[in-house]
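Quick notes on the structure that follows.
The values are calculated or read from the model by the stated rules, or taken from the named source; none is laboratory data. Note that the structure is a prediction, hence the values are computed from the model and not measured. With ideal geometry, Cβ positions are generated from the backbone for all residues, glycine too; neighbour counts draw on all protein chains shown. Accessible surface areas use protein heavy atoms only, side chains included; no ligands, DNA or RNA. Shrake-Rupley method; radii C 1.70, N 1.55, O 1.52, S 1.80 Å.
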Amino acid sequence: MRLALLACLAAVACSHATLPGTNIRDTQENRDVLNLFGRYKQALEARDATAILALAAPGYTDSGDPARGVSPLDYGTLQQKLKTDFAKVTGVRLEATIKDLDVKGELARLDYFQVLRYAIATPSGEKWKSESDDARMQFVRVNGEWKIASGL
């Protein structure tokens, strides 16, 4: 009995706390990256291009997806794209299921499954659409603060 209790205590001492609802270790760095992702989600749902741009790294770059008609972006073109995209929609909701988070030094990568719902104004009224897919957002630390490096 005593041996079993010691084994349980050793297992608990060696286990690492995880963030609620994930298998991601509960570390300050991981919480900081997820906090930034949460601020991105809030800004996206508020359709606040200025707030999203403030979360992006000055070296932001995204290769786009030619198969879906998505052009490459850099920080300079991101602001105009956000304004153009937000002008087309009347509402946005993002549900994200975090799959993996990897922080290595000044870089981080977040993999998640997203369900993006958005409303478009049409002559017959507002029409909601949805898209779902795996997504990846990359981050870089700039002057000690995490910023989005790609994946918007």
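All told, Gly69 meets the bar of being more than 30 Å from Thr27 (Cα to Cα), loosely packed, with under 15 Cβ neighbours inside 10 Å and without any contact (Cβ under 8 Å) to a residue 12 or more places away in the chain. Of all residues in segment 105-116, those that are without any contact (Cβ under 8 Å) to a residue 24 or more places away in the chain have Cβ atoms under 6 Å from Cβ atoms of residues that are open to solvent by 50 Å² or more (accessible area, probe 1.4 Å), 6 or more apart or on another chain, in Phe113/Thr97; Phe113/Asp134; Val115/Glu95; Val115/Ser132. Leu6 - would you say it is at pLDDT 95 or above and either surrounded by 12 or more Cβ atoms within 10 Å (Cβ to Cβ) or of a type outside the set (Val, Ile, Thr) (or both)? Answer is no for this residue.
The number of residues in segment 101-130 that are in a strand (DSSP E or B), among the acidic types (Asp, Glu) and at pLDDT 95 or above comes to 2. Of all the residues that make up segment 117-152, how many are open to solvent by less than 40 Å² (accessible area, probe 1.4 Å) and within 25 Å of Ala87 (Cα to Cα)? Selection size over segment 117-152: 9. Take the conditions (1) under 16 Å from the mean Cα position of the chain (by Cα); (2) farther than 22 Å from Val33 by Cβ; (3) free of Cβ contacts under 8 Å to residues at least 40 places away in the same chain; Ile120 misses just one of them, which is (1). Flag set for Ala49, criterion: in contact with a Phe, Trp or Tyr (Cβ under 7 Å, 6 or more places away or on another chain), aliphatic (A, V, I, L, M) and free of Cβ contacts under 8 Å to residues at least 60 places away in the same chain.
Each residue in segment 87-100 was checked for being in a strand (DSSP E or B), open to solvent by 60 Å² or more (accessible area, probe 1.4 Å) and not charged (D, E, K, R), and 1 of them qualify.
When restricted to residues that are closer than 20 Å to Glu145 by Cα, open to solvent by 20 Å² or more (accessible area, probe 1.4 Å) and of a type in the set (Ser, Thr, Tyr), segment 48-64 contains 2.
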